[in-house]
Structure formats: C-alpha cells, structure tokens
1. Would you pull out the residues with amide H under 5 Å of ARG342's amide H, same chain only if 5 or more places away, H placed 1.01 Å from N?
2. By a straight-distance test (C-alpha under 24 Å), which lysines pair with LYS384 as possible cross-link partners, with residues fewer than eight away in the same chain excluded?
3. Using the Karplus curve 6.51 cos²θ - 1.76 cosθ + 1.60 with θ = phi - 60°, what ³J(HN,Hα) values do you get for each residue of segment 324-336, in whole Hz, with x for Gly and Pro?
4. Radius of gyration and Dmax for segment 319-361's Cα atoms, expressed in Å?
5. Obtain the nm distance between the two label points defined at PHE282 and ALA370 by a simple spin-label model: each point lies 7 Å from its Cα along the Cα-to-C-beta direction.
6. Order of VAL230, VAL322, VAL288 from fewest to most other C-beta atoms within 10 Å?
7. Run the paramagnetic zone check for VAL7: 7 angstrom along Cα to Cβ, then residues of segment 364-387 with backbone nitrogen under 14 Å.
8. Just subtract the alpha-carbon distance of GLN325 and LEU184 from 0.36 nm times their residue separation and send over the number in nm, one decimal.
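Every read-out reported here was derived from the displayed coordinates using simple, explicitly stated rules and does not represent laboratory data. Here the structure is a predicted model, which means the values were calculated and not measured. All Cβ positions, even for glycine, are placed from backbone atoms using ideal geometry, and neighbour counts span all protein chains on display.
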Amino acid sequence: MAEWKKVVVSGSGVSQLNNDAGYLTNATITVPNGFSTASFNGTNILANSTVGTLNFASSSNQGLTISADAGSDTLTFGLSAIPNTSLANSTFNVGAGNGLTDGGSAALGGTSTVNVGAGTHITVNTDDVAVNTTTLTQAISGSILSTISGDVNVDADGDSVIQAGAVEGSMLNANTVDDSTLALSSNQLIVKNGGITGTQLNTSVAGTGLSGGGGSALSVDYGSSAGTAVQGNTNITLNQTAGEIDITGTAAQALGGGPSYTIGLADTISGNRTFSGQTITFNNDIVVQGTASFQETKNLQVADQFILLNSGSTSTGPGGIVIEQGTDDIGEALAWSSADSRWGVTGSFDASSTTFAPDAFVNFVIEGTANDPDAEVVAKYDKKGNMFVGNTGDIWIYV
C-alpha cells in the first residue's frame with residue numbers, strides 16, 4: 001500500500017543518529033595512543049599514554065623561528081635576523097648571477113670581505129660608486145657619436161631636415177621656364193593665372209564623346225553608346241505593377257527637367273512573395289488569417305507570461321515540448337501525461353504524436369505548514385517519489 005513514509009536524516013530522533021544511551025557509549029570505544037613512537041634527529045621520543053605530547057621549542061635567539069597554527073594543524077619553520085655572534089665566518093661568497101644589495105641601513109666595511117663572482121653586482125644606495133678606484137663616470141670615454149662628423153641640422157619646428165640653404169643656386173630660372181605661362185614663387189613652380197588658354201586646350205583636347213579642338217569649340221556627343229552623354233530632353237519612363245509597387249508622378253519625364261517620382265508599396269500585395277533577408281522587422285502587430293508555419297525559429301521571445309498549448313482541444317489529453325536531437329521532429333520530450341496525471345519525460349519522441357508514454361516522472365516537493373503529510377497533501381500529489389517537508393524540517397516521501 002502506497003503511503004507517506006518518513007525519511008531518516010541528520011537530526012531525526014533515532015538512537016543510531018543521536019548516539020544516545022542504549023546504542024553507543026564511551027565504554028564501547030577503545031581510544032588508542034595518539035602515536036606510539038616519535039623520533040627527531042636520532043633521538044626517540046616516546047608517548048605511552050593517551051595524553052602524550054610532543055613539544056617543539058623555538059630557538060629564536062639564534063635566528064630560528066617556529067610558529068604554530070592550531071586551526072590548520074601547521075608548524076612553520078623559518079630564519080629571522082641572525083645575530084653576528086652566531087656567524088662563524090667573516091667572508092661571504094656571492095655566486096655568479098646573484099647580487100648583494102645594501103637596503104640603506106646596512107654598511108659594507110670593517111674587516112668583512114665580500115667576494116663577488118663573475119656576472120654578479122653590488123648595489124649601494126650612495127652618491128658615488130667606485131669600481132677598482134675608477135669612478136663610474138669615467139667608464140665611458142670618447143664620443144658616442146664619433147662616427148658622425150659635421151653638424152646635423154633640423155629646423156625649429158622639426159618638420160624639415162633640409163633647410164633653406166640645402167639646395168644652392170636656382171634649379172629653375174628665366175632661361176629654362178617660359179614666363180608667359182609658368183612662374184617661380186618662393187622656390188616653387190606655379191602656373192600663372194590665365195596661363196592656359198582655350199586655344200591651347202582646343203589644340204590638344206579631343207576624344208570619344210567630345211568634338212572640336214584644334215581651334216574649334218568643344219562640344220559633347222549624345223547617344224546611348226559608351227563615351228557619349230544623355231541629352232537633357234531625353235525622357236525617362238517608370239511604370240508600376242499593380243499589387244506590387246505604386247509609383248506617383250508623371251510616367252514619362254525629361255531628364256533635363258529634373259524628374260521626380262515617389263515609389264512605395266501597394267496597400268494590398270497580391271500573389272506569392274518571398275523575403276530573403278536574414279532579419280524581417282515588423283514594428284506593429286501581425287494578423288495571420290490563415291495557417292502560420294514556422295519552420296525555424298531562433299531565440300524565441302514571448303511577451304506573454306503564460307503559454308497555452310492544446311488550445312484547440314475540448315477534452316483532456318497529453319501535451320508538452322520536444323527538444324530535437326539531430327533527427328527532424330524527433331527528440332527529448334517533457335510533457336503532461338493525462339493518463340497518469342503527472343508530468344513525465346521520454347526520449348526519441350516524435351513531435352507529431354498525439355499520445356505520450358513517459359519513461360520517468362517529474363517529482364514535486366510539497367512544503368507543509370505542519371508536520372502531517374496525510375492531512376496537508378492533496379490527492380493529486382500522492383504519487384510515488386513526491387516529497388513532503390514539514391515545518392520542523394522532517395521529510396516524508398510517498399512510496
């Protein structure tokens with residue numbers, strides 16, 4: 001007989017969980033020693049009782065520090081400042097690739113010796129650094145620009161590397177330039193105003209679409225071939241197609257008169273039409289009086305808070321959603337099973353089916369205001385696997 005049964009969880013009133021009298025007592029447990037033996041640097045340390053301890057002493061006055069963290073059970077060993085009295089040698093050897101740095105409070109002097117290997121360096125925060133009695137300022141000798149002789153001049157604005165005197169003499173003068181057409185101005189060659197006349201153009205200009213030249217006035221050739229122009233009195237005619245495009249304006253207008261037309265969509269579009277653009281945007285409502293078929297929809301957004309399925313049915317029946325899995329119209333289904341009065345799931349489901357047989361069911365959790373599922377859960381939720389949680393945190397499952 002199916003019924004609500006209480007689930008044993010942490011906090012339930014069960015002896016096995018509470019370790020109360022009659023189930024588990026301290027007399028039934030044998031506590032072993034924390035450790036049997038311990039050894040440090042060849043010295044054995046014994047713990048022969050349940051309260052044996054192992055202590056670590058810090059020799060901080062010799063530079064060794066030991067710190068303990070009870071929260072993480074961690075011992076940390078380190079070296080702090082080592083007193084001079086604990087140092088056996090007065091000579092420090094610094095290996096290749098390393099450095100010895102004076103942080104500002106230490107000094108190098110006295111009888112101590114610092115040996116610096118190849119590729120190392122010593123940094124001292126002083127105003128002068130001596131290297132083998134030769135100051136650093138003497139390390140660079142000669143001119144770093146010794147390979148460049150003479151002067152390198154750049155004008156004050158930095159926008160020219162050739163100054164006015166870079167080119168001596170005049171490259172252009174009255175003996176080489178016809179001053180009736182060209183002139184020199186600030187070392188620039190310019191064309192005089194009116195320097196090129198119509199006669200000069202007519203002598204040398206002619207070609208496809210142009211007539212004249214050689215002393216004759218230029219004229220334009222009209223025609224429909226390449227290189228010719230369109231005459232202003234030529235008409236252009238635009239015709240509209242009923243049920244497709246509306247054109248407002250006189251059908252035939254001369255090009256030279258500045259033709260004007262208004263082109264728009266007809267109020268009623270007849271015949272089959274296809275929009276091939278990737279995005280079609282409607283700023284207002286769409287009314288479909290026939291059947292709408294959506295073969296592919298991406299990123300569907302629905303403003304309504306609730307979606308009604310099976311709206312054309314006058315009786316109870318299954319319904320849900322299908323997620324296609326690589327095969328057209330076949331996929332994983334989440335649907336309402338009217339035969340079981342429960343939500344269920346199944347795979348390899350044909351979206352064109354009118355029946356639904358779930359492989360598994362969706363379970364629900366009912367939150368009670370008291371601690372009695374029999375009194376609080378309505379009959380439609382008395383289904384196997386559904387859970388009830390009482391106001392005290394106790395849990396029941398329907399089996």
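1. Distant-sequence amide H within range of ARG342: SER337.
2. Here the lysines satisfying the reach criterion relative to LYS384 are LYS5, LYS6.
3. Using θ = phi - 60°, the values come out as 5, 10, x, 10, 3, 6, 10, x, 8, 10, 10, 8, 8 Hz.
4. Cα radius of gyration and Dmax of segment 319-361 are 9.6, 30 Å respectively.
5. Distance between label points: 5.5 nm.
6. Numbers: VAL230 13, VAL322 18, VAL288 7.
Neighbour counts put them in this order, fewest first: VAL288, VAL230, VAL322.
7. Flagged as within label range: 364-368, 384-387.
8. 42.6 nm
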